[in-house]
Structure formats: structure tokens, C-alpha cells
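Visitor: Please read through the structure below; I'll follow up with questions.
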Amino acid sequence: MNGDLETAKDATKLRRIAIEPVTRVEGHGKVTILLDDQHRVHQVRLHIVEFRGFERFIQGRPYWEVPVMVQRLCGICPVSHHLAASKALDKVVGVQQVPRTAELVRRLMHYGQILQSHALHFYHLSSPDLLFGFGSDPGPRNVVGVLAAYPDIAKQGVLLRKFGQEVIRITAGKRVHGTGSIPGGVNKSVSPEDREELLRPLPEILEWAQAGVRLVAALHQQHQDLYDHFGTVPSSLLSLVAKDGSLDLYDGVLRAKDHQGAIIFDQVEPQDYLTRLQEEVRSWSYMKFPFIESLGPSEGWYKVGPLARVQNCDRIGTPLAEAARQELLAAAPGHLVHAPLAYHWARMIELLHSAEVIQELLAEPELGGSELVGKGPRGGGGVGIIEAPRGTLIHHYQVDDQDLVTLCNLIVSTTHNNQAMNEAIRQVARQYLDGHEPTEGLLNHIEVAIRAFDPCLSCATHALGQMPLVVELQDPSGQVVARLSRGVEPIG
Amino acid sequence: MSGKKLRVATTSLAGCFGCHMSLLDIDERLIDLLELVEFDASPLTDKKHPGPCDLALIEGGLCNAENVHVLRELRKQCKILVAVGACAITGGLPAQRNNLDVRDCLRSVYLSGPGLAGGGLIPNDPELPLPLAQVHPLHDVVKVDYFLPGCPPSADAIWQFLTDLLAGRTPALGHGLIHYD
């Protein structure tokens, strides 16, 4: 644990270094590091610096707008928000279980999303660190560099992502911010032509997905000491699992394990999430810090996302991914894997699993059915939980009898990993920066640890923040458009 | 183009990264594009601050002082500045907060939301940039050379725009490429 690096005892004489913005992640974040004259690290923080206010401005909107509005939290995982909101609002339109066709279409959309997001994260954003080295020349340390040095790997990444995006386009109407899911079901099913179009590239997709797992597993085996210890801090794990304990990314019940693998809670229904989880606010970040209530704020933090999911579940229901999971578990016999870099391995296992699930779903005759929306007695609200690419995503709404939203509470995947990311970068700072003059290459080590969690900082910036100082906004001609300061009424 | 690649910076301000996703949605054409352009500062590279460049593609509106600073820095460095997508052009969905009092929002999110331990507190730290009272589109603050609409603009629209520009034509989006959803 690195709690002593959260806040320096005396910050006045320390030198501040900022990594701003954190790059090759989605959204806005920065890291600040406070060092003394001997380059000893005294404080390390990942700050989420933006606010957008979704939780508040959703209030007062008609509930049927919500699945389309809230997906604008995030352009990488819009489907996760689209579906989590739909699942929560299914309860409002009185549907406990959507028709089979709707469930299949939503699942197809979701696994397409997991596939494209995992491909984007690994190939486009993180692979440069893993292939070129954490401290390598920053010039080509990006997807363009990967295309030049490893064209086959990069092209497979581009085409894997394309396939996932096509699954989304066909089920949701467009690749980014579609409209396929609605409270109670979906608005279209999958035609035989669309099914054919998706089946055609599947053999190659499955092959490339397996190659991706092999690539990451090989990287681990080649640099085992580095991959096992880089930023590693044990913690509890949280995810949805299917009621039978198998991996399910679309629906299920909450399960948490402690750092040694003992169950903390299991079979918790989504609507009961508030009985198990609480959130703490800290002054230096707009992102809240959730924790498991029974363990308290200092001990109760946990990890979510691929590495948590493949270890929280009892099995994966598709054969290739389950075999790959067993290989990951065998690399750490008798204990859980907590290494941030193992997230990449778990992520590629899930990418493979998604391709297998998509293949299964495309064989379901009812995917093209005509019963799209369920009906039932009107309810007052609901909780929808889904496993987004980055981890557990909770949407909670209440709706009044005018159909307007009165409460919206979102705990997004990246927020669950807030403490985990802060712990990981403090550990990396201890391991690599402490006592050294910080270079670009050393500072990139901090970002490598953040990237392992695939944070979606846009998702995490839904809350509104305070106005600490004064700002003036001028138009191109120098005219003041707006001015605002603390404690003063905003003008403009 | 006479052998020299077009230098392109991209950034996301108060956006969702969806316009960047749509840029990547040109799929294999990305490989062709990289024959003609090179990236300067961008979330896709590790260059944190822009140098002189030909083109800046900017998604997202302005919700805090840092957004304004980044936008002005880009305007100084680039020859052509493009407002990409609904948020850059109108403020987009984040501008839904423009009719709300920021203080009520703060209380609602950080002091009275469900599941808050210890009653919560409102974040306040010099490291957190100052939020603006309202979300603004880019042209409230800098001159914008082109507006590329859509939420997000489709990959085909972005491709058409870039290939027109690279060929020295005035970009024109044909039928089906201009849409606002």
C-alpha cells in the first residue's frame, strides 16, 4: 500500500512535475508528482480534471431520451452506457426480462463493443509501450510507429476494431452513438443479409484474436519479472458474474473477492448495489473513490475490468477463451494475479471470448425475430449494471409520474479503478522514479501503469466541479464573452 | 502535396472522444492517410503540446479554463482549424448544463448523491482547472476555418474532408455526408 504517497507531509519545498495531459488514454487526466532535492518522491496523484455534469442535467429529461443522451459520456464505449441505461429503464416500462430477440440483439451489440474497445486499447493505444519499451523514443511510440515496425500486428488491430464497429453499426444503426436499444427492448432485429455480412470475416477475426492472446502471453513470459511486479498492489476484485458463476459481460449479479480470492459477497442483485458500495470524495479530483462498505474506505478499494473479471468468474463459457484463461491462471498458481500489466493479457482473452460469443449469437435463429419490445406495469426507477470494456458500470435512475427523470446516479468503470490506478502509479514511482532525475522515459512508466487499466477519463468526468479562481473568456476580437470568479455571480 | 506530409494536431476538449473514434473508423484507409499526413500533438501520440502544424482537428466544446488554454495554443500553432462534431460547433450535449446553476449541481453531485460516505465534500484544488459557468462552442473564442457537423461526423465525411483538403480542393461534403445526429 502506498497511502503515504497520497499527500506529502509538507509540500512547500517540493518540486512539482506534471504529466499533462496523460496521452494514449481517452479523456482528460493529469498526474502530479512532488519531489525533494534528492528526487525522492513525496506525493503522486492522478487527477481527473474535467467535469461535464451529466448526472445533474439528465434530471428533468423524459426517461426515453436517456439511453441516447448518456452514451455521449463516451465515444469509445457508448454502447455500454446505452445498454446500462436501457437495462435500468426496462424496469420503468415494467419489463423484468426483455423478449429473447431483444436480449440477443443487445448482447450482440455489447460483445461487438467489447471487441472493438479492447482492440483499440491494445493495438492503437498501449501496444507501442509493450512492443517498443516503456522508456523508448517518444517520437514513434504510437500506432503510426507500430504500423511501420509491426505492420501485420497493427493491421490486425485496425481490422479487429473495424469488425467490432460493424457489429455495432448493424445492431445500433451507426458505429458511434447509435439508437438500437430502447427501454423495454430494441428497435430492430438483425436481417439475414446483415448476419451473413458479419459471419464472413469471422474465421479471420477468431484467428487474429488468438494471435493477440499469444502475443501478450509471450510478452509476459519474456519479461516475467517486469510484468509481475510493475506497479503491482494487491486489492479486492469486483465484477458481475452470471448466476451460475460463469463470465457474463451483459448481465448478472455482483461478486467481490478479497486480494487472496476469498468471497466478500456474491449473488448481489444490481438493485442492491448501494448496500455494498459507497463512494468517498477527495478534494483533489473530480472522480470519486468507491469502496466496499464492509471493509471501509481505506481497505475497501478494489479493481474492476478484464483482470478482475477473468479471476472473479468460475469459468468462461467459450472454449478458446477458457483455455486462454487457464493459461493466465497457471502463470500464478495458488494466488490471484494483481499485476496491472496482466490487464492486457486478460483484455485479449476477453477480446477472443467476444469473437466466440458473436459467432454463437449469429447462429441464433431468434436474432432476426419480430418481438422486439416487452410490456408490463409501470415502475418508478431501476438500476442497470453491465460489464463495460473497462469494468463494472452502474446506472441508477428514478422517474416521476410525468415520465421525467428525478434521480441519476452513475458509477462508471474508471471510477471504480480510481484508487487502483493511484496505487499503481505510486508503486511505479517508488520502483522507478524515487531518487532519479525524472526523464521523459521514466515519466512514461507512470503512464504505462495508467494505460494498463484502459481508463476512460471522459466517462469519469460526468460530475460537476467547483469554480476555484477567476476566469475570463474572450472572443477572437478580444471582447469578453464571459467572466466568472469564486463567490461572484457569473456574468455572461 | 510535394513530398512533405501535412502535419495534423488533434485534441478532444469537452467531448467524448467519439469524433476521434470516427476518424479511426476510416479503418484501412488510415494506412493510406498516414502516407500523406503526420500527427503532431494528439491523444494518439505522446507529444503533449502542439508545435507548428498545418491542420488542427478539434472535438469538444469549452467547459473549463484548460480547454480555453489548449484551444488558444492550437489556434496559434495551426494554419487551418476545424471544429469537428456537435460539441465543438454548438457545445453539444454538455451544454445541457447551461441553464443550470453550477452551485446546485455541485451540491447535487458531491454532497447529496446516493451512497456518499461521510456526507461528501466538494473538490477544490489548485490542480483542478476552473470550470466555466457555461459550455461554449469553439467559435466563441477563436476563429474557426471549417465546421464538420455530426455527432460524430461519419468516417466517410471526415475522409472526404481530409482528401479534399490534401488535394487542394475546397472541402465539400456531398449528399449523405452532412448530418447532425
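Visitor: Do we find that B:Ile80 is in a strand (DSSP E or B), in contact (Cβ under 8 Å) with a residue 24 or more places away in the chain and in contact with a Phe, Trp or Tyr (Cβ under 8 Å, 6 or more places away or on another chain) in this structure?
Guide: Values: in a strand (DSSP E or B): yes; in contact (Cβ under 8 Å) with a residue 24 or more places away in the chain: yes; in contact with a Phe, Trp or Tyr (Cβ under 8 Å, 6 or more places away or on another chain): yes.
Taking the combined requirement at face value, the residue satisfies it.
Visitor: Could you tell me how many of the residues in the stretch B:131-145 are of a type in the set (D, E, K, R), part of a loop (DSSP other than H, G, I, E, B) and either buried (at least 16 other Cβ atoms within 10 Å of the Cβ) or touching a Gly at 6+ places or on another chain (Cβ under 6 Å) (or both)?
Guide: We begin by selecting, within the stretch B:131-145, every residue of a type in the set (D, E, K, R); these are B:140, B:143, B:145.
Filter again for part of a loop (DSSP other than H, G, I, E, B), leaving B:143, B:145.
Then keep just the ones that are either buried (at least 16 other Cβ atoms within 10 Å of the Cβ) or touching a Gly at 6+ places or on another chain (Cβ under 6 Å) (or both); that gives none.
Qualifying residue count for the region: 0.
Visitor: Something else: For A:Glu322, indicate whether it is over 30 Å from B:Leu128 (Cα atoms), modelled with pLDDT of 95 or more and surrounded by fewer than 23 Cβ atoms within 10 Å (Cβ to Cβ). Walk me through it before giving the result.
Guide: Numbers: over 30 Å from B:Leu128 (Cα atoms): yes; modelled with pLDDT of 95 or more: yes; surrounded by fewer than 23 Cβ atoms within 10 Å (Cβ to Cβ): yes.
Against the criterion (over 30 Å from B:Leu128 (Cα atoms), modelled with pLDDT of 95 or more and surrounded by fewer than 23 Cβ atoms within 10 Å (Cβ to Cβ)), A:Glu322 qualifies.
Visitor: I need the full set of residues from the stretch A:17-45 which are on the phi < 0 side of the Ramachandran plot and away from every other protein chain (no Cβ under 14 Å), in order please.
Guide: First pass over the stretch A:17-45, keeping only residues on the phi < 0 side of the Ramachandran plot: A:17-23, A:25-26, A:28-38, A:40-45.
Of everything in the stretch A:17-45, those that are on the phi < 0 side of the Ramachandran plot and away from every other protein chain (no Cβ under 14 Å) turn out to be A:Leu35, A:Asp36, A:Asp37, A:Gln38, A:Arg40, A:Val41, A:His42.
Visitor: Specify the residue that is farthest from A:His42 (Cα to Cα); the eligible residues are those in the stretch A:1-24 that are part of a loop (DSSP other than H, G, I, E, B) and acidic (Asp, Glu). Full working, then the answer.
Guide: At the first step, the residues of the stretch A:1-24 found to be part of a loop (DSSP other than H, G, I, E, B) are A:1-2, A:6-14, A:20-24.
Checking which are acidic (Asp, Glu) leaves us with A:6, A:10, A:20.
Details: A:Glu6: 8, A:Asp10: 9, A:Glu20: 19 Å.
The selected residue is A:Glu20.
Visitor: Return the residues of the stretch A:315-345 that are in a helix (DSSP H, G or I) and of a type outside the set (Gly, Ala, Ser); say none if nothing qualifies. Walk me through how you get there before you give the answer.
Guide: So in the stretch A:315-345, the residues in a helix (DSSP H, G or I) come out as A:319-330, A:342-345.
Across the stretch A:315-345, the qualifying residues are A:Pro319, A:Leu320, A:Glu322, A:Arg325, A:Gln326, A:Glu327, A:Leu328, A:Leu329, A:Tyr343, A:His344, A:Trp345.
Visitor: Going through the stretch A:29-53 one residue at a time, which ones are under 29 Å from the mean Cα position of the chain (by Cα) and in a loop (DSSP other than H, G, I, E, B)?
Guide: A:Val49, A:Glu50, A:Phe51, A:Arg52, A:Gly53
Visitor: Six or more apart or on different chains, Cβ under 7 Å: which pairs go from a residue in the stretch A:365-394 that's among the polar types (S, T, N, Q) to one that's assigned to a loop (DSSP other than H, G, I, E, B)? Could you list them?
Guide: Cβ pairs passing all conditions: A:Ser370/A:Ser189; A:Thr392/A:Val304.
Visitor: How many of the residues in the stretch B:90-119 are more than 7 Å from chain A (Cβ to nearest Cβ), at pLDDT 85 or above and surrounded by fewer than 21 Cβ atoms within 10 Å (Cβ to Cβ)?
Guide: 4
A quick yes/no check of all residues on (1) in contact with a His (Cβ under 7 Å, 6 or more places away or on another chain); (2) in a strand (DSSP E or B); (3) more than 7 Å from chain A (Cβ to nearest Cβ):
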residue	(1), (2), (3)
B:His69	no, no, yes
B:Ile122	no, no, no
B:Pro129	no, no, no
B:Phe147	no, yes, yes
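Visitor: While we're here: Among the residues of the stretch A:269-277, are any at pLDDT 95 or above and more than 14 Å from chain B (Cβ to nearest Cβ)?
Guide: Of all residues in the stretch A:269-277, those at pLDDT 95 or above come to A:269-277.
Right, trim to more than 14 Å from chain B (Cβ to nearest Cβ) and you get A:269.
Among the residues of the stretch A:269-277, at least one is at pLDDT 95 or above and more than 14 Å from chain B (Cβ to nearest Cβ), which makes the answer yes.
Visitor: Continuing with this model, one more query. I need the full set of residues from the stretch A:383-442 which are on the phi > 0 side of the Ramachandran plot, touching a helix residue (DSSP H, G or I) at 6+ places or on another chain (Cβ under 8 Å) and of a type outside the set (D, E, K, R), in order please.
Guide: As a first pass, look at the stretch A:383-442 and keep what is on the phi > 0 side of the Ramachandran plot: A:391, A:403, A:435.
Adding the requirement that they be touching a helix residue (DSSP H, G or I) at 6+ places or on another chain (Cβ under 8 Å) leaves A:391, A:403.
Selection gives A:Gly391 alone.
Visitor: Let me ask something else about it. Restricting attention to the stretch A:95-124, which residues are surrounded by 24 or more Cβ atoms within 10 Å (Cβ to Cβ) and of a type in the set (Lys, Arg)?
Guide: A:Arg106
Visitor: Go through the stretch A:376-391 and give me each residue that's in contact with a Lys or Arg (Cβ under 6 Å, 6 or more places away or on another chain) and closer than 23 Å to A:Phe453 by Cβ. Steps first, answer last, please.
Guide: Within the stretch A:376-391, the first condition is being in contact with a Lys or Arg (Cβ under 6 Å, 6 or more places away or on another chain), and the residues that meet it are A:379, A:382, A:384.
Once the filter is applied, which keeps residues that are in contact with a Lys or Arg (Cβ under 6 Å, 6 or more places away or on another chain) and closer than 23 Å to A:Phe453 by Cβ, the stretch A:376-391 yields only A:Gly384.
Visitor: A follow-up question, please. Quick test of your reading of the structure: B:Val141 fulfils all but one of (1) β-branched (Val, Ile, Thr); (2) within 28 Å of A:His177 (Cα to Cα); (3) more than 10 Å from chain A (Cβ to nearest Cβ). Name the failing condition by number.
Guide: Among (1) β-branched (Val, Ile, Thr); (2) within 28 Å of A:His177 (Cα to Cα); (3) more than 10 Å from chain A (Cβ to nearest Cβ), the lone unmet condition for B:Val141 is (3).
Visitor: Exactly one condition in (1) at positive phi; (2) surrounded by 17 or more Cβ atoms within 10 Å (Cβ to Cβ) is not met by A:Gly60; state its number.
Guide: Going through (1) at positive phi; (2) surrounded by 17 or more Cβ atoms within 10 Å (Cβ to Cβ) one by one, A:Gly60 breaks only (2).
Visitor: Is one or more of the residues making up the stretch A:359-367 within 22 Å of A:Ala211 (Cα to Cα), modelled with pLDDT of 95 or more and not in a strand (DSSP E or B)? Reasoning before the result, please.
Guide: First, the residues of the stretch A:359-367 that are within 22 Å of A:Ala211 (Cα to Cα): A:359-360.
With modelled with pLDDT of 95 or more added as a condition, the list becomes A:359-360.
With not in a strand (DSSP E or B) added as a condition, the list becomes A:359-360.
Yes, there is a match, as at least one residue in the stretch A:359-367 is within 22 Å of A:Ala211 (Cα to Cα), modelled with pLDDT of 95 or more and not in a strand (DSSP E or B).
Visitor: Of all residues in the stretch A:125-141, which are facing another protein chain (nearest Cβ under 8 Å) and crowded, with 23+ Cβ neighbours inside 10 Å? Even if it seems obvious, please write down each step before you answer.
Guide: At the first step, the residues of the stretch A:125-141 found to be facing another protein chain (nearest Cβ under 8 Å) are A:125, A:138, A:141.
Answer for the stretch A:125-141, where residues must be facing another protein chain (nearest Cβ under 8 Å) and crowded, with 23+ Cβ neighbours inside 10 Å: just A:Arg141.
Visitor: Taking the conditions exactly as written (away from chain A (no Cβ under 12 Å), surrounded by 15 or more Cβ atoms within 10 Å (Cβ to Cβ) and touching a Leu at 6+ places or on another chain (Cβ under 8 Å)), does B:Leu34 satisfy them or not? Outline the logic, then answer.
Guide: On the way: away from chain A (no Cβ under 12 Å): no; surrounded by 15 or more Cβ atoms within 10 Å (Cβ to Cβ): yes; touching a Leu at 6+ places or on another chain (Cβ under 8 Å): yes.
Answer is no for this residue.
Visitor: Sort out which residues of the stretch A:5-16 are under 27 Å from the mean Cα position of the chain (by Cα) and either free of Cβ contacts under 8 Å to residues at least 24 places away in the same chain or within 14 Å of chain B (Cβ to nearest Cβ) (or both), and write them in order of number.
Guide: Filtering the stretch A:5-16 down to residues under 27 Å from the mean Cα position of the chain (by Cα) leaves A:5-7.
If the condition is that a residue be under 27 Å from the mean Cα position of the chain (by Cα) and either free of Cβ contacts under 8 Å to residues at least 24 places away in the same chain or within 14 Å of chain B (Cβ to nearest Cβ) (or both), then A:Glu6, A:Thr7 are the ones that fit.
Visitor: If you don't mind, another one. For the stretch A:184-202, indicate whether the set of residues that are assigned by TED's automatic domain parsing to the domain that holds A:Leu352, closer than 19 Å to A:Phe122 by Cβ, surrounded by fewer than 16 Cβ atoms within 10 Å (Cβ to Cβ) and under 25 Å from the mean Cα position of the chain (by Cα) is non-empty.
Guide: Of the residues in the stretch A:184-202, the ones assigned by TED's automatic domain parsing to the domain that holds A:Leu352 are A:184-202.
Within this subset, residues satisfying the condition of being closer than 19 Å to A:Phe122 by Cβ are A:201.
Then drop every residue that is not surrounded by fewer than 16 Cβ atoms within 10 Å (Cβ to Cβ), which leaves A:201.
Among the residues that remain, those that are also under 25 Å from the mean Cα position of the chain (by Cα) are: none.
Within the stretch A:184-202 (the criterion being assigned by TED's automatic domain parsing to the domain that holds A:Leu352, closer than 19 Å to A:Phe122 by Cβ, surrounded by fewer than 16 Cβ atoms within 10 Å (Cβ to Cβ) and under 25 Å from the mean Cα position of the chain (by Cα)), the answer is no, since none of the residues qualifies.
Visitor: While we're on this one: Being modelled with pLDDT of 95 or more and touching a Gly at 6+ places or on another chain (Cβ under 7 Å) narrows it down to one residue among A:Ala256, A:Ala242, A:Ala218; which is it?
Guide: A:Ala242
Visitor: To continue, here is another question. Quick one: what pairs do we get from the stretch B:9-25, first residue facing another protein chain (nearest Cβ under 7 Å), second modelled with pLDDT of 95 or more and surrounded by fewer than 24 Cβ atoms within 10 Å (Cβ to Cβ), C-beta under 6 Å, 6+ apart or different chains?
Guide: B:Ser22/B:Ala155; B:Asp25/B:Ala155
Visitor: So A:Val158 passes all but one of these: (1) surrounded by 24 or more Cβ atoms within 10 Å (Cβ to Cβ); (2) within 12 Å of chain B (Cβ to nearest Cβ); (3) among the hydrophobic types (A, V, I, L, M, F, W, C). Which condition number does it fail?
Guide: (1)
The values are calculated or read from the model by the stated rules, or taken from the named source; none is laboratory data. Everything numeric in this text was worked out from a predicted model, so none of it was measured. When we count neighbours, we look across all protein chains shown, and the Cβ atoms used for this are built from the backbone with ideal geometry, even at glycine.
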